[in-house]
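Novice: Handing you this structure, nothing more for now.
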Amino acid sequence: MRTKTIRVLIVDDDSKIRTSLTRDFEDAGFGVTSAVSAAEAKVILKTEEFDAILCDNQMTGATGTLLLADISKSFPKIKRFMLSGNISATQTFLVEKEIGVSQLFEKPCSSKTIIEAITKAVDC
């Protein structure tokens, strides 16, 4: 049984997806903060601690790939997850092997699947 609340940062520029994921994670007992962009996420990371980050890849401004690459260097203990509707095999290799993304979820993906994966990764 988990004694600590898992803190997750959700980054997605689609407000419907961000709101839905935030609600589902909060219902599952997670502590959630959300950001609309990579730039906003970087500001939040300066003041808050997280166990995991779930990031969309295709966003206005910097991509999720770039954000997660930065996070892997600056915050290596944060478990990294990506959500994408369109990602190539090369990008998949990059995010999983080079950036250390724990798992890549292809849209659409159920919140339950994502929540289970993040819980497992953080509890290990």
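Novice: By the scheme Lys and Arg +1, Asp and Glu -1, what is the net charge of all other residues having a beta-carbon under 15 Å from that of residue 23?
Specialist: My count for the surroundings of residue 23 gives -2.
Novice: Another question, if that's okay. Could you report the accessible area of residue 48 in Å², rounded to 10, computed with a 1.4 Å probe on the protein chains as they sit in the structure?
Specialist: Spelled out: residue 48, probe radius 1.4 Å, area about 60 Å².
Novice: Please go through the stretch 1-41 and write out the trypsin sites (Lys or Arg not before Pro) that DSSP classes as loop and that have at most 14 other C-beta atoms within 10 Å.
Specialist: Qualifying residues, ordered by number: 2, 4.
Novice: For log10 I(q)/I(0) by the Debye sum over Cα atoms at q = 0.09, 0.10, 0.20 Å⁻¹, which listed value, (1) -0.29, -0.35, -1.06; (2) -0.21, -0.25, -1.14; (3) -0.24, -0.30, -1.21, comes from the coordinates shown?
Specialist: Given (1) -0.29, -0.35, -1.06; (2) -0.21, -0.25, -1.14; (3) -0.24, -0.30, -1.21, the structure-derived one carries the label (2).
Novice: Follow-up. Using Cα pairs under 8 angstrom and six or more residues apart, how large is the relative contact order of the chain, in percent?
Specialist: Relative contact order here is 23 percent.
Novice: Also, quick follow-up: Excluding residues on the same chain fewer than 8 positions from residue 16, give the aspartates and glutamates whose Cα lies under 20 Å from its Cα.
Specialist: 24, 26, 27, 40, 56, 106
Novice: Okay, moving on. May I ask for the net charge around residue 107, where only other residues with Cβ less than 14 Å from the Cβ of residue 107 are counted and Lys, Arg are +1 while Asp, Glu are -1?
Specialist: Cβ neighbours under 14 Å give a net charge of -3.
The values are calculated or read from the model by the stated rules, or taken from the named source; none is laboratory data. Note that the structure is predicted; figures quoted are calculated from it, not measured. FYI the Cβ positions are ideal-geometry reconstructions off the backbone, even for glycines, and counts take in every protein chain you see. Surface areas here come from the heavy atoms of the whole protein model, side chains and all, with no ligands, DNA or RNA. Shrake-Rupley method; radii C 1.70, N 1.55, O 1.52, S 1.80 Å.
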